[in-house]
Amino acid sequence: MPKNVPMVKVYILGEGFDVPEGSTIITALEYAGFQLTVGVGCREGFCGACGTLYREKGDYKLQAGLACQTVVTDGMNIAQIPFVPAEKPIYDINKIDPDIDAFKILYPTLFRCVGCNTCTKICPQDIEVMDYVQALIRGDVARAADLSFDCIRCGLCALRCPAEIVQYNAAILARRLTGKYLLPKSPDLENRVKEIAEGLYEEELQKLEKANAETIKKRYYDRDIKTG
Amino acid sequence: MYPEYMRKSIRRVEKTRSERLKLARSGKTIFPMMSEEERQEVLDNFHPDYKKDARKKVRIGPNKGEKITTKVVDVLEAYSRIKPEYFDLKHPDYETDVLVIGAGSAGFSASLLASENGADVLLVTKLRIGDSNSMMAQGGIQAAVRPDDNPLLHYLDVMGGGHFDNKPDLVKALVSEAPDAIHWLQELGVMFDRNEDGTMLTKPGGGTCRPRMHSARDYTGAAICRTIRDEVLNRPDKIKILEHQPAVELIKDDKGNVAGAVLYHLENRNYFTVKAKATIIATGGFGRLHIKNFETTNHYGATADGLVIAYRAGANLLYMDSVQYHPTGAVYPPQILGFLCTEKLRGLGAQPVNKNGDLFVHPLEPRDIEASAFIRECTDSNMGIETPGGQVGIWLDSPLIEKLSGPGTIKKNLPAMLRQFERFDVDITQDPILVYPTLHYQNGGIEINDHCETKVNGLFVAGEASGGVHGRNRLMGNSQLDLIVFGRRAGIYAAQYAKKAKTGALTLSHITEYDKEVEKIGVDKKHISPMVLPDYTPSSVKERQHTTEYQGTLR
Ligand SMILES: Cc1cc2nc3c(=O)[nH]c(=O)nc-3n(C[C@H](O)[C@H](O)[C@H](O)COP(=O)(O)OP(=O)(O)OC[C@H]3O[C@@H](n4cnc5c(N)ncnc54)[C@H](O)[C@@H]3O)c2cc1C
Ligand code: SF4
Ligand code: SF4
Ligand code: FES
């Protein structure tokens, strides 16, 4: 950290701490002396472990963000939400169809959505959460999968939903059903799996496995390269 | 937003862009690949592994006398966190057939296959389940699926990338099971990107001779990891989960076989014991050791714990003298220092250029070569750009992607990257990204055979914690693949082993013995491992913690 960085004051669980300007909420917490054991994971915005509620100085609004991705501002009031006690129904993906019935049975709360848009407003990934919930209500599983693709399961949407919907768990089901049933099957993939099961490359692979370093090197540097 | 002096350099990048675009469109190679000799030269002179203090001899344990990465030696030559005499091993807190340590994609695959092969599974992890390096992979997963590709070509690429040090039996397993791994993931519901005709979209990657990289936008690792996590969560009767409870030591039985682990609860600070017929280590890598003070792309818990506890239990390490620095870590803005800028950027056509906007290396050399070339450009050649914070980097010309493939390409294919930089007011569709190599991947690890077995009975390893398959340098997309291929294998073979295993009386005597060895070489009592979590407490705080005791990095 370069010298003479200007400091800002942040309030962690109500208590004020001076931290360097430009810190993220995670690095601010650490600078203030907290050793984090929960509420942190990847530190790069991919895992959703670090959901945090905050309020900025002079603002009445309660906002939410990822602690590893949100830069602190002077006067910010912070509370981490390391865990959301949400329901997760159990299912066998092989035994459900990619349609509305799956959601009626497993996620009946979806149909209570009041269309308040709170979830969309809070989502740190800028996902149209309400739209994917609505897509599920219409039975448009592929659309919900597409819209929810960037979800990182931070849980913030469920936390604020007045209808107690667990949006992100319904969304992973939508994506799994789409990946398994709705996307086209790749003929090349099916074919290659079959070829290998029939042992097509086995003999050649065994030869490579036993070949000496010189042979392998030669074949490596001689191989033709196609990048298009 | 970039300050004005950096903008000046960006304008030079913009000036050369149209020429470089023409070159890229011409289909000719935009910069010659290095010969074997040139590669060696740039590695010798610029790769951090080749610096004098990069390695030292480890003085105890199975690899005694071998030169290993210095920071790794430091965690191996350290005392245990536990006092064996405190534990009542006659009454373990948990009993299971298969214990899986670590909940990334390797641990999930292992848990699923172990349960399908008749074993009861206990899955324990340090953070929440799924918070891992697996979740963070953006670029892709390799498999030779296209008609113009095949497992033999994949085999050669893996070997060449690994400098021919790879263990051939492992490479054979990797490449021949790759298509089936993709198929398995698809059937579990991973939404891989498709071409319009329904075939899998595949892109080239560093060191591949065919476009072989399968992706799920730039959330490939997440798409895989969260799908198999959901499947794990759907089997609560077969797979029990303990979160925030890292394994800090392995337990053995009186026959010398591994038979479980000691867990440390990070919240209530209890220790718990697990008795298991077979144990699988899937604890991932070591980025948070910050080797040579590099920033890292790795998650918060990547502290080489698995290596340490396996080593104490008698397993040997392979290729722990080599470290993977990813060529393109972010150096600006400062909040995302070390953040991974996926190789897929270059796969899609982004070119690395220096402060004058000139190309100086082929964009897709193997990672260690590419990273070394970047370091050369920033040091010896003095053609890098310095940030206000004092870091140096070169430009990755991302706007070129949209020039090549049309506007919207970045949003469609790299939403995570776009979002990440937007959060800090950088628009990568308009401006290039400043990058420098960042600590990324543990090439070596605990040696395994193609059944994921180690030298010690009852101990299996899968994923980044294992060593051998990638030799001394892994290519992009082969790690995500190895998690699935060897994760599944570990699950199968551990379940089979568990069926026959007759576990004897439990013991931690190997810890007592190992600690004696550590003491003999005169290591300071303060050195404790595994590290579990890095310590980012500033000294100003520590000065006031008059009554706080640190056990290694933990309070
Ligand atoms: C940012 C990034 C991008 C990447 N991109 C790609 C890519 O595009 N393609 C590719 O092939 N590879 C990529 N990789 C590499 C690849 O993702 C990792 O090597 C791989 O995910 C490692 O998987 P793993 O299951 O072995 O370990 P991880 O996924 O890291 O999981 C390790 C697990 O073990 C737990 N753990 C750690 N210590 C303990 C302990 N003591 N006790 C209990 N649990 C413990 C952790 O909490 C975690 O759950 C990338 C890596 C990173 C970091
Ligand atoms: S959809 Fe919900 S769980 Fe997913 S990222 Fe947005 S707020 Fe978080
Ligand atoms: S917060 Fe709940 S009720 Fe409101 S729109 Fe979102 S899902 Fe519907
Ligand atoms: S720590 Fe993973 S998203 Fe913030």
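The values are calculated or read from the model by the stated rules, or taken from the named source; none is laboratory data. Predicted model, so just to flag it, every value in this text is computed and none were measured. Every residue, glycine as well, gets a Cβ built from its backbone with ideal geometry; the counts of neighbours run over all protein chains shown. Side chains included, ligands, DNA and RNA excluded: accessible areas come from the protein's heavy atoms. Shrake-Rupley method; radii C 1.70, N 1.55, O 1.52, S 1.80 Å.
Miscellaneous remarks
- Dipole magnitude of region A:93-182, debye to nearest 20 (Cβ charges: Lys/Arg +1, Asp/Glu -1, about Cα centre): 220 debye
- Residue (of A:PRO162, A:LEU182, A:ALA142) at the positive-pole extreme of region A:131-188, dipole from beta-carbon charges: A:LEU182
- Contact order normalised by residue count of region A:93-182, Cα under 8 Å, 6+ apart, percent: 34 percent
- Candidate membrane-span-like segments in chain B, meaning DSSP H helices with Cα atoms spread over at least 24 Å of their own axis and a Kyte-Doolittle mean of -1.0 or above, are B:168-188, B:478-500, with no membrane implied.
- Cα gyration tensor, region A:93-182 - rounded (a/c under 1.5), prolate or oblate: prolate
- Part-to-part distance (alpha-carbon centres) for region B:197-268 and region B:332-370, which is given in Å: 28 Å
- The alpha carbon centroids of region B:1-48 and region A:142-172 are separated by 41 Å.
- Our helix-only sum for the protein assembly as shown, with -39,500 (n - 2.57) per DSSP H run of n ≥ 4 divided by its residues, gives a mean residue ellipticity at 222 nm of -10000 deg cm²/dmol.
- Taking amide H as placed 1.01 Å from N in the peptide plane, B:GLY130 has its amide H under 5 Å from the amide H of B:ALA103, each at least 5 places away in sequence or on another chain.
- Derived scalar couplings between HN and Hα for region B:133-143 equal 5, 4, 5, 9, 5, 9, x, x, 9, 8, 6 Hz in order, rounded to whole Hz, by the Karplus curve 6.51 cos²θ - 1.76 cosθ + 1.60 (θ = phi - 60°), x for Gly and Pro.
- Residue order for A:LYS88, A:LYS104 - accessible surface, 1.4 angstrom probe, largest first: A:LYS104, A:LYS88
- Amide H contacts under 5 Å for B:ARG212, placed H, 5+ residues apart: B:LYS203, B:GLY205
- The relative contact order of region B:362-482 comes to 21 percent, based on Cα pairs under 8 Å that sit 6 or more residues apart.
- Apolar share of the accessible surface for the protein assembly as shown: 49 percent from carbon plus sulfur atoms, 1.4 Å probe.
- Highest-first packing order for the peptide set B:469-475, B:59-65 is B:469-475, B:59-65, based on the mean count of other beta carbon atoms within 10 Å.
- Of the peptides A:133-144, B:188-199, the order by per-residue mean of other Cβ atoms within 10 Å, starting with the highest, comes out as A:133-144, B:188-199.
- Rounded, prolate or oblate (a/c below 1.5 giving rounded, otherwise prolate when a/b exceeds b/c) for chain B by Cα gyration tensor: prolate
- In a simple Cβ point-charge model (Lys, Arg +1; Asp, Glu -1; nothing else charged), the protein assembly as shown has a dipole of about 460 debye relative to its Cα centre.
- Solvent exposure of B:ASP149, expressed as accessible area, is near 0 Å², computed with a probe of 1.4 Å over the protein chains only.
- When each of the peptides A:216-222, B:224-230, A:190-196, B:93-99 is scored by how many other beta carbons lie within 10 Å of its residues on average, the order from highest to lowest is B:224-230, B:93-99, A:190-196, A:216-222.
- Exposure of B:PHE87 as accessible area (Å², to 10), given a probe of 1.4 Å and all protein chains: 40 Å²
- The calculated FRET efficiency for B:GLN551 paired with B:LYS52, based on their beta-carbon distance and R0 = 35 Å, is about 0.65.
- Among the residues of B:150-158, the average count of other protein chain beta-carbon atoms within 10 Å of the residue beta-carbon is 6.
- Distance between modelled label sites at B:LYS526 and B:ARG269, nm, 7 Å Cα→Cβ extension: 2.0 nm
- Toward the positive end of the charge dipole of region B:344-487, with +1 on the Cβ of Lys and Arg and -1 on the Cβ of Asp and Glu, the farthest Cα among B:MET476, B:SER372, B:PRO388 is that of B:MET476.
- Placing unit charges on the Cβ atoms of the charged side chains and taking the dipole of chain B about its Cα centre, the candidate lying farthest along the positive direction among B:LEU459, B:TYR536, B:HIS154 is B:TYR536.
- Nearest-10 value in Å² for the accessible area of B:SER18, using the 1.4 Å probe: 70 Å²
- Alpha-carbon centroids, region B:118-181 and region A:83-127: separation in whole Å: 32 Å
- Average accessible area per residue (Å²) across chain B - probe 1.4 Å, nucleic acids and ligands excluded: 33 Å²
- Note: relative contact order over chain B, using C-alpha pairs below 8 Å and six or more positions apart, is 25 percent.
- Around B:SER105: net Lys/Arg minus Asp/Glu count, Cβ-Cβ under 11 Å: +1
- Sum of side-chain charges, B:SER9 neighbourhood, beta-carbon under 12 Å (Lys, Arg +1; Asp, Glu -1): 0
- Summing charges over neighbours of A:ASP92, with a neighbour being any other residue whose Cβ is under 15 Å away from its Cβ, gives -1 when K and R count +1 and D and E count -1.
- Antiparallel content of DSSP bridges confined to the protein assembly as shown, in %, to 5: 70 percent
- The mean number of Cβ atoms from other chains found within 10 Å of a Cβ in peptide A:199-208 is 4, as a whole number.
- Amide H contacts for B:SER398 (H built 1.01 Å from N in the peptide plane; partners 5 or more residues away or on another chain; cut-off under 5 Å): B:ILE433.
- Cα gyration tensor shape of region B:108-251, rounded if a/c is under 1.5, else prolate or oblate by comparing a/b with b/c: prolate
- The interface between chain B and chain A buries about 7600 Å² of solvent-accessible area in total (1.4 Å probe, ligands and nucleic acids excluded).
- In order along region B:62-77, the Karplus-derived 3J(HN,Hα) couplings, from 6.51 cos²θ - 1.76 cosθ + 1.60 at θ = phi - 60°, round to x, 9, 2, x, 8, 7, 9, 3, 3, 5, 5, 4, 4, 7, 6, 8 Hz, and Gly and Pro are given as x.
- Residue mean of other protein chain beta carbons inside 10 Å, A:160-173: 1
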